[in-house]
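Remarks on the structure that follows.
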Amino acid sequence: MNRSIVLALCALSALVVACEEPKSQTGGTTGAAQAPAPVVLDDKDIPTAADYDDQAEKDISATNYKNELDTLEKEITSQD
């Protein structure tokens, strides 16, 4: 009997909390919400494969290409 009363009280309190309307974080102002500003991207902001060619030529040589390839393969398989 006591267990059912406790469960009923817990269920009712959960309903009260769940049905409560969220409080406004804008300081209580009312009105229409402002849309966020659109994101403007320039073509220079998006990296391409050509952007990495110079760095790859410096980092990868004939002596360490196998180690670099193994590292890349590990990164790819860890993402799956």
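All of the numbers you see were taken from the coordinates with simple rules; none came from a lab. Values in this document were obtained by computation on a predicted structure and should not be read as measured data. Don't worry about glycine lacking a Cβ; one is built from the backbone with ideal geometry, like all the others, and counts go over all protein chains shown.
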Seminar exercise, completed: Ranked on Cβ counts within 10 Å of their own Cβ, fewest leading, Ile5, Ile60 go Ile5, Ile60
For this session: Please give the contour-minus-distance gain from Cys10 to Glu75: 0.36 nm per residue of separation, less the Cα-Cα distance, rounded to one decimal in nm.
Result: 18.7 nm
